[in-house]
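Q: Below you'll find the structure I mean.
The values are calculated or read from the model by the stated rules, or taken from the named source; none is laboratory data. None of the values given here were measured: they were computed from a predicted structure. Cβ placement follows ideal geometry from the backbone for every residue including glycine, while neighbour counts extend to all protein chains displayed. SASA here: full protein model, heavy atoms, side chains in, ligands and nucleic acids out. Shrake-Rupley method; radii C 1.70, N 1.55, O 1.52, S 1.80 Å.
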Amino acid sequence: MISAEADHRSPNDRLGIQDELEPTVTAHIIDRRCARDLAKRAEAKLLGFGGCLACKTNPCRYKSYGDEKVLQEQKDELSREIFLKRAGRPVTATSIHSRHCNYSIDMLQRELKIIDNQLALTKVDSELHAAYQSMHSFVEIESLHGYKTHVATDNAISALLREHDRLVAASVSDEVVDGILDWMKEGWYFGETSSSSSGPSTTSSTAITASTATARPSSDGPLQEISDISNEARIRHQREQIVKHQQERQNELNDAEKNVKFSLFMLTFMYFRSLHVTKVAKIKLSGEFDIVGPKQRNPIPTERLRMIQEEELAQARRERMKDAMSRAKEGEATRMQQKKEKDEHRLVILRHHYRKHNLNKSALVIQRTFRGHIARKAVIMWRHRKAEIEASNALYNACATAISRYWRGHKGRTEANVLRREMAEFLIAMRSSDLQDNQRERQKRRNGLRKRLG
């Protein structure tokens, strides 16, 4: 019956019903929050002094996921090592992570990302515990956006839970993938084997495989698991370096073989050329073609004369070429010196420009940060003021709704009493008039009967 009546109502009636229901819903939400606060207070009172609403125990059993100070030190050390690697400077073994000296930049960045996830998970877990433990309507969080902000407790718990689940999923997926890769590494998936008779590099591969087999003890936690994964990555990198070294050595042997073959060819060529030169010198020293001499000389052929002339011309060309090459070398040296001076001058100008650009950029960053800080403070103050205004408006609306409800009820009851009274008087008047009419009719009938009888 109610649904049928609601379907036949006009849109204006429906809007009026919605307007009447909105204050009721708001009041219901406020009552639910009050009930939840009362339940929290009752639970805190039940737990007693020192009880934890998040752990539901007394005393609190919360333990941090990781040591934030140690993780921050590891992050700073890895950042310094990455900077040294990129600058081409040697990484000293005096650092906390001296085992990273042989790591590449990609491996260091991957480990830095893992430590960032652990640090973020530690902060999110701590703030989530504090949000569950809080009895206020608003809590302050910092891990989600990188700066402190006030958020409603329910919204903060939802956002922190979502971020916590994301970080845990990322950490678990990394561990699962690393475990799968380790399992695949033991077989033939990557062309590797743990056998001791696998080719020319038997000793190195056996040593690396043995170290891999003993490199993963039973993990006591995520940090130990991450350390084991880093050790395996380092061992895998060493294996690649050994294979690369062997390949380079083989290439060097091939180049040496080619050089030896070419040297033998040149020695053979020079041997036969020396025989030819010796023969020519012997003929010249014998005096067979001398114009004046005891031996009978044959006239020099035309071809021989042409060859002698060509040899003299070639010698002259070689002398001119030598002189031109010496001048070209001097000019090239002068040009290189001028280019070097220009490059040095350009480098000085670029350094000055970069320094000026960096100073401007730093000033802009400082200004932006300060303006952001001032704006965040203003937003926080306005957010508090807005929350107070909204709470006051909700309270005023609830009070106005209650007053209106009481007044309409009183007015409706008064009008109903007046209407009932008027209806009763009307019914009494109608009944009295009907009685009078009936009496008149009866009197007329009696008089008529009396006239007939008389």
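Q: Taking θ = phi - 60°, what integer Hz values does the Karplus form 6.51 cos²θ - 1.76 cosθ + 1.60 yield along the stretch 352-367, in sequence order, with x for Gly and Pro?
A: 4, 5, 5, 5, 4, 4, 5, 5, 4, 5, 5, 4, 5, 5, 5, 4
Q: Which pairs, out of Lys56/Lys386; Lys85/Lys123; Lys356/Lys377; Lys75/Lys244; Lys75/Lys123; Lys85/Lys113, put more than 22 Å between their alpha-carbon atoms? Don't skip to the end; give the middle numbers.
A: On the way: Lys56/Lys386 34 Å; Lys85/Lys123 29 Å; Lys356/Lys377 32 Å; Lys75/Lys244 31 Å; Lys75/Lys123 15 Å; Lys85/Lys113 17 Å.
Among Lys56/Lys386; Lys85/Lys123; Lys356/Lys377; Lys75/Lys244; Lys75/Lys123; Lys85/Lys113, the Cα-Cα distance tops 22 Å for Lys56/Lys386; Lys85/Lys123; Lys356/Lys377; Lys75/Lys244.
Q: Also: Taking the solvent-accessible surface of protein heavy atoms with a 1.4 Å probe, what is the per residue accessible area of the stretch 347-454 in Å²?
A: For the stretch 347-454, the per-residue accessible area is 94 Å².
Q: If you take the square roots of the eigenvalues of the alpha-carbon gyration tensor of the stretch 232-391 and sort them as a ≥ b ≥ c, do you get rounded (a/c under 1.5), prolate (a/b over b/c) or oblate?
A: Working: a/c = 8.25, a/b = 2.68, b/c = 3.07.
In terms of gyration-tensor shape, oblate.
Q: Arrange the peptides 63-70, 435-442 so that the one whose residues have, on average, the most other Cβ atoms within 10 Å appears first.
A: Numbers: 63-70: 13.1, 435-442: 10.0.
With the highest mean Cβ count within 10 Å placed first, the list reads 63-70, 435-442.
Q: Over the stretch 243-389, what percent of the accessible surface lies on carbon and sulfur atoms, probe 1.4 Å?
A: Carbon plus sulfur share of accessible area: 61 percent.
Q: Can you give the FRET efficiency for Met321 and His237, using 1/(1 + (r/R0)^6), R0 = 60 Å, r = Cβ-Cβ distance, to the nearest 0.05?
A: 0.70
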